[in-house]
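Report on the structure given below.
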Amino acid sequence: MKISVFGAGYVGLVAAACFAESGNTVIAVDIDQKKIEGLKNGIIPIYEPGLKELILRNQSEGRLSFTTDMVEAVEQSLIQFIAVGTPPGEDGSADLQYVLAVGRTIGQHMNGFKIIVDKSTVPVGTADKVRLAVQEELEKRSSHLEFDVVSNPEFLKEGAAIDDFMKPDRVVVGTDNVRTAEIMKELYDPFMRKQSRMIIMDIRSAEMTKYAANAMLATRISFMNQIAGLCERMGADVAAVREGIGSDSRIGYDFLFPGPGYGGSCFPKDVKALIRTAEESNYDFLLLKAVEEVNELQKEVLANKLIKTLGSADEEQPLTGKIVACWGLSFKPRTDDMREAPSLTIIERLLAAGATVRAHDPEALAEAKKHFGDRIEYSTNQYEILDNADALTVITDWHEYRNPDFDRIKAALKQPLIVDGRNLYKPNRMKETGIRYIPLGRAG
Ligand code: UGA
């Protein structure tokens with residue numbers, strides 16, 4: 001099939017590469033000339049395991065091309081994926097200007113039947129707006145060409161995006177047209193495994209499914225972060241509690257890990273947008289407001305623990321003279337993405353408290369420099385930043401932090417202390433090392 005993907009961002013690039021890999025001819029189009037020039041020359045603007053190889057192979061085999069030429073992209077392909085950004089507006093609602101601009105471009109240049117697929121995360125009702133935008137442009141041209149608008153939300157996780165796309169749990173397609181449903185089935189068929197499900201539903205339900213899924217996952221995390229807070233105060237162990245409740249098949253084990261708060265480009269934005277959508281319908285989504293508030297508070301927890309343990313009586317700057325080493329800056333492992341990363345809040349808090357902050361991250365140092373400049377120190381060596389520091393705090397659960405050299409850590413830190421925001425280490429083992437250990441939701 002011939003496919004155009006508008007928006008060479010995260011979702012767009014992954015989708016374009018994977019559709020090309022399954023044999024389709026794919027044009028990826030973006031208005032950012034620099035980005036497209038780079039892609040033509042094999043420079044991939046984001047870090048995602050496996051993506052570069054996939055792009056280069058399909059490009060060299062002629063199934064994947066990059067362009068800034070919207071007209072060509074519209075004319076050449078039957079299926080038009082919209083995968084442009086929907087940044088949050090000031091009030092938290094998703095800004096649809098880029099999505100609708102693509103809709104208008106398609107309306108201006110389409111030359112036959114087109115299937116227009118919303119892949120960007122867009123609020124309920126967006127497909128109708130896209131349809132209207134296309135229709136208006138067709139009317140200006142006095143054209144009666146037919147088209148169909150489909151909602152096909154994306155559920156991929158950063159760091160595992162290729163696998164998520166190639167082996168999906170489910171593919172959700174919202175359409176009211178049987179013929180279009182058949183074409184979408186054919187398109188996704190190469191990715192479907194025995195366990196995968198293709199779920200066809202009406203358009204509004206598909207749009208809502210995306211937000212409901214992310215909101216549900218964010219709810220689980222905030223819930224577990226509060227259970228962890230209570231465990232600490234009651235002498236219980238959140239890891240044991242997770243095992244205990246996760247074994248109930250209705251609950252399951254996933255997404256019940258306490259942490260420094262959820263971050264990234266999806267959960268924070270989508271939770272806000274759903275609260276906003278509810279408000280627009282005069283509906284108070286009380287639960288999600290609490291999920292968000294709990295998450296904001298959770299980002300303070302690690303800094304609070306450090307201040308409580310190391311801080312002086314100075315109310316304003318209790319960490320003056322203290323050095324804190326941070327492991328992990330990206331919002332999660334296997335990505336350099338720092339959007340809404342808890343590390344941003346934690347480090348600002350430590351700096352405000354007067355601490356000297358040193359940071360290590362396997363991928364995100366360049367991103368981090370954009371935020372902190374020379375206000376903190378950076379190193380590509382995770383041990384180097386420990387020399388003479390007063391504490392190490394683990395913010396992101398990168399693999400390289402899971403089994404560190406504790407002797408080295410102990411020798412490097414002044415009075416060895418680890419504040420662990422990801423519960424990476426076993427409290428018993430830590431007792432043997434002689435390092436003071438403060439995890440989340442359990443005794444150290
Ligand atoms: C999330 C969803 O998991 C994807 O299904 C969805 O497609 C994507 O958003 C999206 O809407 O595009 P992503 O933001 O890449 O994916 O990252 P996650 O792996 O879900 O992690 C989000 C945050 O939750 C991270 O900060 C992570 O550390 C935190 N988290 C996750 C926890 O604190 N505890 C957990 O148990 C799991």
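Students often check this: by mean Cβ neighbours within 10 Å, which of 174-185, 330-341 ranks highest, and how do the rest follow?
330-341, 174-185
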Cα pairs beyond 23 Å in segment 1-140, in percent, come to 32
For the chain, the longest principal axis of the Cα atoms and the Cα long axis of helix 178-188 enclose an angle in degrees, to the nearest 10, of 50
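Only loop residues by DSSP count here, and only those with at most 10 other Cβ atoms within 10 Å; note down the chymotrypsin sites (Phe, Trp or Tyr not before Pro) in segment 261-320 that meet that.
Details: sites: Tyr262, Tyr283, Phe285; in loops: Tyr262, Tyr283, Phe285.
Of the chymotrypsin sites (Phe, Trp or Tyr not before Pro), the ones in loops of segment 261-320 whose Cβ has at most 10 other Cβ atoms within 10 Å are Tyr283.
Want the number for Met198 to Ser60: 0.36 nm per residue separation, take away the alpha-carbon distance, what's left?
Values: separation 138, 0.36 × 138 = 49.68 nm, distance 3.09 nm.
Gain on extension, Met198 to Ser60, equals 46.6 nm.
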Between the alpha carbon centres of segment 395-438 and segment 295-371 the gap in Å comes to 17
For Glu182 and Glu75, extending 7 Å from Cα along the Cα-Cβ vector and measuring point to point gives, in nm, a value of 2.9
Projected onto the charge dipole of the chain (unit charges on the beta-carbon of Lys, Arg, Asp and Glu, signs +1, +1, -1, -1), the Cα from Leu417, Met70, Ala8 with the largest positive-side position is that of Leu417
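Treating only the Cβ atoms of Lys and Arg (+1) and Asp and Glu (-1) as charged, compute the dipole magnitude of segment 92-154 about its Cα centre; round to the nearest 20 debye.
Details: 7 positive and 9 negative charges, 29 e Å.
It comes to approximately 140 debye.
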Under the 7 Å Cα-to-Cβ spin-label approximation, Leu145 and Glu243 lie apart by a distance in nanometres of 6.1
If one compares the long axis through the Cα atoms of helix 10-21 with the longest principal axis of the Cα atoms of the chain, the angle in degrees, nearest 10, works out at 60
Per residue convex hull volume, Cα only, segment 208-281, in Å³ is 105
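Output needed for segment 296-363: three equivalent-ellipsoid semi-axes, defined as square roots of 5 times the C-alpha gyration tensor eigenvalues, in descending order, whole Å. Working shown, then result.
Values: eigenvalues 105, 31, 14 Å².
Value: 23, 12, 8 Å, ordered largest first.
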Rounded to the nearest 10 degrees, the helix 267-280 long axis (Cα) sits at an angle to the longest Cα principal axis of the chain of 60
Magnitude of the Cβ-charge dipole (Lys and Arg +1, Asp and Glu -1) of the chain about the Cα centre, nearest 20 debye, reported as 980
For segment 346-362, in residue order, the Karplus 3J(HN,Hα) values (coefficients 6.51, -1.76, 1.60; θ = phi - 60°; whole Hz; Gly and Pro = x) are 4, 5, 4, 5, 5, 5, 4, 7, x, 6, 8, 10, 10, 9, 10, 7, x
Once Lys414 and Asp169 are pulled to full extension, the length gained, defined as 0.36 nm per residue separation minus their Cα-Cα distance, is 83.4 nm
Between the modelled labels at Lys52 and Ala366 (7 Å from Cα along Cα→Cβ) the distance in nm is 1.0
Taking a straight Cα-to-Cα line shorter than 13 Å from Lys119, and setting aside same-chain aspartates and glutamates fewer than 8 residues away, one finds Glu154, Glu207
For segment 76-186, the dipole about the Cα centre with charges only on Cβ (Lys and Arg +1, Asp and Glu -1), to the nearest 20 debye, works out at 320
Expected sort for 241-252, 216-227 on mean C-beta neighbours within 10 Å, highest first, is 216-227, 241-252
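Subtract the Cα-Cα distance of Ser379 and Ala236 from 0.36 nm times their separation in residues, and report this length gain in nm to one decimal. All intermediate terms of the calculation are to be shown ahead of the outcome.
Details: separation 143, 0.36 × 143 = 51.48 nm, distance 3.64 nm.
Stretched fully, the Ser379-Ala236 segment lengthens by 47.8 nm.
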The rounded separation in angstrom of the Cα centers of segment 157-236 and segment 91-154 is 23
Here the Cα Rg-to-2.2 N^0.38 Å ratio for the chain is 1.08
Given backbone amide H placed at 1.01 Å from N, residues whose amide H is under 5 Å from that of Ala28, ignoring those fewer than 5 places away on the same chain, are Val5, Ser65, Phe66, Thr67
FRET efficiency (Ile31, Tyr253; Cβ distance; R0 45 Å; to 0.05) is 0.60
Along the dipole axis of segment 23-181 (charges at Cβ: +1 for Lys and Arg, -1 for Asp and Glu; origin at the Cα centre), the most positive-end residue among Val130, Asn58, Met166 is Asn58
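Computed over the Cα atoms of segment 303-444, what is the ratio Rg over Rh, Rh following Kirkwood?
Working: Rg = 14.0 Å, Rh = 15.0 Å.
Using Cα coordinates only, the ratio equals 0.93.
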At R0 = 30 Å the Cβ-Cβ FRET efficiency linking Asp284 and Asp128, nearest 0.05, sits at 0.75
Ranked output for segments 43-49, 10-16, 297-303 by mean other Cβ atoms within 10 Å, highest leading, reads 10-16, 297-303, 43-49
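Taking every DSSP beta bridge with both residues inside the chain, roughly what % is antiparallel (nearest 5)? Walk me through the intermediate numbers first.
Values: 2 of 47 bridges.
Approximately 5 percent, going by the DSSP bridge assignments.
No value in this document is a laboratory result; all are computed from the given coordinates. Note that this is a predicted model, so its numbers are computed, not measured. All Cβ positions, glycine included, derive from the backbone under ideal geometry; neighbour counts span all protein chains shown.
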